[in-house]
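Trainee: What follows is a structure written as structure tokens; I'll ask about it next.
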Amino acid sequence: MEVSFWNKDIETADRGRIQALQIQRLKEIVSYAIKTPFYQKRLSKAWIHSPDDIKSLDDLKKIPFSVKDDLRQNYPKGMLAVDMEEVVRVHSSSGTTGIPTVIYYTRGDVDRWTDLLARGIVATGATAKDVFQNMMSYGLFTGGLGMHYGAERVGMAVIPVGGGNTQRQLQIMKDFKTTVLHITPSYLLHIHQRMTEFNIKPRDLFLKKAWLGAEPYSEPTRLKLQELYGIDVYNSYGLSEMNGPGVGFECVYKNDLHIWEDGYIIEIIDPVTGEVLPDGQKGEVVFTNLIRHALPLIRYRTRDLAFIHPSPCPCGRTHRRMSRILGRTDDMLIINGVNVFPSQIEEVLMSIPEVGTNYMIHLSSHEGLDRLVVKVELYQKLFTGDLSQLDSLKGKIKDKLRASITINAHIELHEPGFLPAFEGKGKRVVDERQKL
Ligand code: ADP
Ligand code: ZN
């Protein structure tokens, strides 16, 4: 396997050097954070009154966690640690669940972030020779502009299309011979079905790889997409609080996400007790941003669930790998008392070849009990139109789901194109249960 680096020296640095950089940058971040009333208070609780009070990485554990609500309560500028004059970029997350959160960046912040993106891009084997179609939405969302900057730095030919307008996207892929995509798994699944409609075959295109992120997806989904398109699919992880995409990227070995540890300190905690867990154990991911001065975030609870791989990667990078996101503490469903993550349902569905590229999870109340309906689009190619085949497929999905989540689901099968399509992050759970 050919392994390329953007900055080999730092990507393969030994633990001692990575930790030395972490301490140095943590002190720097504290020197900015302490300028905000919010962190001045937080840090004084941990007896940190100046950067010099940070003596070792263990001192980090004394600092209380930060959460999304802190950002909301300090909207819009309460956590800004530099003069507005120094800010060159503002991003914000959707705000669908209340007051939005705002992130600020200085020129240096954007520059450091861009560099981490370039590392990830090169780790997937992409080069300046590639033509890159960026299908993540631009604007306040970090996915579009963030990756755009990284790809430009690597020297790729960037086509900044953003999300949506599938027919035009396909035309551009053809006309410009696009080789690399950045897209959500939901949208890439959807596009395949539209290609059938427009009678475009993957071999009419020039695609080689896709970076998929912004929402959780399972290994069966990766495998399905790789097969449908004949491309390599790499996982890419990030969140606006940690700048945006580029926090973690898979290398050519596709064995989970290298977290750039000189840019972010990663901790996995028990979401109930807050205790830091050892590598290998699943818990909530907590990050400290070591590279952003305009809006410092220390020990930020992401609500994402994952674990750190204890073993090194054959590519030679020393930055530890985080598993794919196994769920979010806030997307767990409790169905008749059983805890279920939507990702468990997705994993089962996408491992069944007759299941197409779209599904929905529907919850309602029925005679005092929760009722789970899983609506699935069929993969047309493998369907003969035979009714008994439909019945046996329903039974197969139901059995596999029961084995995984111990719940009896009602299965609905639909023609491709029947369910709502997603051109960004998918919203696949509809919960209409009566709240008591
Ligand atoms: P929000 O969705 O909270 O408004 P962002 O747009 O920054 O904020 O999205 C960040 C979130 O998206 C992450 O915390 C994570 O839940 C999800 N996410 C991003 N990349 C991935 C990925 N590769 N796999 C799974 N989840 C991801
Ligand atoms: Zn690797």
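Trainee: Tell me whether the stretch 109-130 contains one or more residues that are hydrophobic (A, V, I, L, M, F, W, C), more than 21 Å from the chain's Cα centre (by Cα) and surrounded by fewer than 21 Cβ atoms within 10 Å (Cβ to Cβ).
Mentor: The answer is yes, given that some residue of the stretch 109-130 is hydrophobic (A, V, I, L, M, F, W, C), more than 21 Å from the chain's Cα centre (by Cα) and surrounded by fewer than 21 Cβ atoms within 10 Å (Cβ to Cβ).
Trainee: Another question, if that's okay. Which residue out of 357, 384, 318 is of a type in the set (Val, Ile, Thr) and surrounded by fewer than 15 Cβ atoms within 10 Å (Cβ to Cβ)? Explain how you work it out, then say what you get.
Mentor: On the way: 357 fails: surrounded by fewer than 15 Cβ atoms within 10 Å (Cβ to Cβ); 318 fails: surrounded by fewer than 15 Cβ atoms within 10 Å (Cβ to Cβ).
On inspection, the qualifying residue turns out to be 384.
Trainee: Here's something else I'd like to know. Mind listing whichever residues of the stretch 320-354 are free of Cβ contacts under 8 Å to residues at least 12 places away in the same chain and within 15 Å of ligand 1 (Cβ to nearest atom)?
Mentor: The one that is free of Cβ contacts under 8 Å to residues at least 12 places away in the same chain and within 15 Å of ligand 1 (Cβ to nearest atom): 332.
Trainee: Right, something else. What are the residues in the stretch 249-272 that are within 16 Å of ligand 1 (Cβ to nearest atom) and open to solvent by 10 Å² or more (accessible area, probe 1.4 Å), if any?
Mentor: Listed by number, the residues that qualify are 254, 255, 256, 266, 267, 271.
Trainee: Follow-up question, since we're still on this one. Quick test of your reading of the structure: residue 292 fulfils all but one of (1) open to solvent by less than 10 Å² (accessible area, probe 1.4 Å); (2) within 16 Å of ligand 2 (Cβ to nearest atom); (3) not hydrophobic (A, V, I, L, M, F, W, C). Name the failing condition by number.
Mentor: Only one criterion is unmet by residue 292, namely (2).
Trainee: Return the pairs, sorted by first residue and then second, in which the second residue is open to solvent by less than 50 Å² (accessible area, probe 1.4 Å) and modelled with pLDDT of 95 or more, the first residue lies in the stretch 302-319 and is acidic (Asp, Glu), the beta carbons are less than 6 Å apart, and the residues are 6+ apart or on different chains.
Mentor: Within 6 Å, the pairs are 304/285; 304/325.
Trainee: If a residue has to be within 16 Å of ligand 2 (Cβ to nearest atom) and within 20 Å of residue 219 (Cβ to Cβ) to count, how many in the stretch 259-281 make the cut?
Mentor: Residues in the stretch 259-281 being within 16 Å of ligand 2 (Cβ to nearest atom) and within 20 Å of residue 219 (Cβ to Cβ): 1 in total.
Trainee: Considering only the stretch 49-66, state which residues are buried (at least 17 other Cβ atoms within 10 Å of the Cβ) and outside any helix (DSSP H, G or I).
Mentor: 54, 63, 66
Trainee: Would it be correct to say that residue 224 is among the charged types (D, E, K, R) and either without any contact (Cβ under 8 Å) to a residue 60 or more places away in the chain or within 15 Å of ligand 2 (Cβ to nearest atom) (or both)?
Mentor: No; evaluated as a whole, the condition is false for this residue.
Trainee: Let me ask something additional. Please go through the stretch 325-354 and pick out each residue that is under 19 Å from residue 236 (Cα atoms) and assigned to a strand (DSSP E or B). Explain how you work it out, then say what you get.
Mentor: Taking the stretch 325-354 and keeping what is under 19 Å from residue 236 (Cα atoms), we get 325-328, 343, 346-347.
Scanning the stretch 325-354 gives 327, 328.
Trainee: Right, something else. For the stretch 170-184, check the following and say yes or no: at least one residue is open to solvent by 40 Å² or more (accessible area, probe 1.4 Å) and assigned to a strand (DSSP E or B). Show your work before the answer.
Mentor: Of all residues in the stretch 170-184, those open to solvent by 40 Å² or more (accessible area, probe 1.4 Å) come to 171, 174-177.
Okay, now just the ones that are also assigned to a strand (DSSP E or B), so none.
Scanning the stretch 170-184 turns up no residue that is open to solvent by 40 Å² or more (accessible area, probe 1.4 Å) and assigned to a strand (DSSP E or B).
Trainee: Residues of the stretch 299-324 being touching a Phe, Trp or Tyr at 6+ places or on another chain (Cβ under 7 Å), more than 16 Å from ligand 2 (Cβ to nearest atom) and assigned to a loop (DSSP other than H, G, I, E, B), which ones?
Mentor: Residue satisfying the conditions is 299 alone.
Trainee: What number of residues in the stretch 227-258 are within 14 Å of ligand 2 (Cβ to nearest atom), farther than 19 Å from residue 291 by Cβ and aliphatic (A, V, I, L, M)?
Mentor: 1
Trainee: Conditions: (1) out of contact with any strand residue (DSSP E or B) (no Cβ under 9 Å at 6 or more places or on another chain); (2) touching a residue at least 40 places away in the same chain (Cβ under 8 Å). Residue 272 meets all but one. Number of the miss?
Mentor: Condition (2) is where residue 272 drops out.
Trainee: Looking at the stretch 1-21, I want the residues that are among the acidic types (Asp, Glu) and have a partner that is part of a helix (DSSP H, G or I) and surrounded by 14 or more Cβ atoms within 10 Å (Cβ to Cβ) with Cβ atoms under 9 Å, at least 6 apart or on another chain. Which pairs are those?
Mentor: From the stretch 1-21, the pairs are 11/119; 11/123.
The values are calculated or read from the model by the stated rules, or taken from the named source; none is laboratory data. Just so it is clear, the model here is predicted, and its values are computed rather than measured. Cβ sites come from the backbone with ideal geometry, for glycine too, and all protein chains shown count toward neighbours. Please note that ligands, DNA and RNA were not included when accessible areas were found on the heavy atoms of the full protein model with its side chains. Shrake-Rupley method; radii C 1.70, N 1.55, O 1.52, S 1.80 Å.
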